[in-house]
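All of the numbers you see were taken from the coordinates with simple rules; none came from a lab. Fair warning: this is a prediction, and the values are worked out from it, not measured in the lab. Here the Cβ positions follow ideal geometry from the backbone for every residue, glycine too, while neighbour counts run over all protein chains shown.
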Amino acid sequence: MTRHPPGRTARRAAIGTLVGLAAAGVLAPWLAPFDPVAQPDILAGAGRPPHWPHVLGTDAYSRDVLSRLLHGTRVSLGLGLAAGGLAAALGTLVGLASGASPRWLDGMLMRGVDTAVAIPRVVVLATAVAIWGALPAPLLVLLMAATGWFGIARLVRTEVRALRGTEWMTAAVAQGVPPWRRWWHHLLPAVWPTIGVAATLAVAQTIALEAAVSFLGIGVRPPQSSWGTLLADAADHPWRWWWLAAAPGATLVATLLACNALADGLRERHRPGEVASP
C-alpha cells in the first residue's frame, strides 16, 4: 500500500474541499431545495431548528438556511476568486516592474506600496460606501482587489531581485537574449511558484474580508446571501438559534483552512531558494 507524504495528503484534501465548495456554489440554483429569499410562513416557520425538509433549519424570516448557504457560497467564492485573482495579477505586474527597474524607480514604487499598505482595507470600503452608498458586486471586487495586491508585489519584487543575479540570467544577458524574452520566458516561470502561493493566500484573505464587510453591512446586502450576511443574521440570536451561525461559520473556516493548506503544500513543493534554471 502506497503511503503519501503528509504534505501531499493535506494538499489533496484542500483541493477536494475547494472543488467541492466551488461545485456546490456553481450548482446552487439546482441543489438548493427552496428559494433562498422565500418567506413561506414568517410566523410559524421562523427560527426552526434543523428538521425535514429544512435540514439546516430556518432563519428569523422562515427562509431555508441550506438554500441560503448554497447561494451564499456561490457569492462568497465568486467574489473571493475574482478579487483575489485580480489582486494577484496587479501585484505580479507591479512586482515584476519594480524588480526589473533601476534602483531609483524601484524605491519609488516600494515607497508607494508601503504607504498604501498602511491604510486598512475596511476603512477604504467603508469610505466608498459612505460616498456611493450600496456597492454593486463589480465595484466591490475592484475595491477589494485594489487594496489587496501590495503584499504580492513585495513578494514578487523580492523574488525577482534575487533571481536577477543567478547564473542562468547572467548567461541569458551574455548571449544577447532580448529583455522581454528574458523576463517572459526565463524569469516569470521561475517566479510562478511564489505567485501561486501568494495568489492562494490572497483569495483566502479576500473571502475573509468579504465576510467581514458583509457582516458589518457594507458589502453584500440582504436579501442576497453570502457567508457574511448569514453570520450577520445569526448575530441577533447567537445562542438560542445556534444553527444560523454553525453552517456558514463552519463553511467559512473550512474554506480558509483549505486555502492555507493548499498554499503550504505549494510552498513545500517549490521551496524558496531552490529555483532551478528554466
Using alpha-carbon positions, the gyration tensor of region 69-169 gives root eigenvalues a ≥ b ≥ c; with a/c under 1.5 called rounded, otherwise prolate if a/b exceeds b/c, else oblate, the class is oblate
With θ taken as phi - 60° and the coefficients 6.51, -1.76 and 1.60, list the Karplus ³J(HN,Hα) couplings across region 79-95 in order, rounded to whole Hz; mark glycine and proline as x.
5, x, 5, 5, 5, x, x, 5, 4, 5, 5, 5, x, 5, 4, 5, x
Magnitude of the Cβ-charge dipole of the chain, K/R +1 and D/E -1, about the Cα centre, nearest 20 debye?
800 debye
Which one of ALA28, ALA10, GLN39 is farthest out on the positive end of the charge dipole of region 1-79, using unit charges on Cβ (Lys, Arg +1; Asp, Glu -1) and the Cα centre as origin?
ALA10
Enter the angle in degrees (range 0 to 90, nearest 10) between the Cα long axis of helix 243-269 and the first principal axis of the Cα atoms of the chain, meaning the one along which they spread out most.
20 degrees
Quick check on the chain: helices-only [θ] at 222 nm, where DSSP H runs of length 4 and up contribute -39,500 (n - 2.57) each and the sum goes over total residues. Nearest 500, please.
-22500 deg cm²/dmol
Which angle between 0 and 90 degrees, to the nearest 10, do you get for helix 121-132 versus the longest principal axis of the chain when only C-alpha atoms count?
60 degrees
Farthest toward positive dipole pole in the chain [+1 Lys/Arg, -1 Asp/Glu at C-beta], among SER76, LEU96, LEU163:
LEU163
Would the chain count as rounded, prolate or oblate if I go by the C-alpha gyration tensor, calling it rounded below 1.5 in a/c and otherwise prolate when a/b exceeds b/c, oblate otherwise?
prolate
Connecting every pair of Cα atoms under 10 Å apart in the chain and solving the GNM, the largest mean-square fluctuation among ALA250, ALA82, ALA44 falls on ALA44
Take the alpha carbon gyration tensor of region 218-260, find the square roots of its eigenvalues, order them as a ≥ b ≥ c, and report rounded if a/c is under 1.5; if not, report prolate when a/b exceeds b/c, else oblate.
oblate
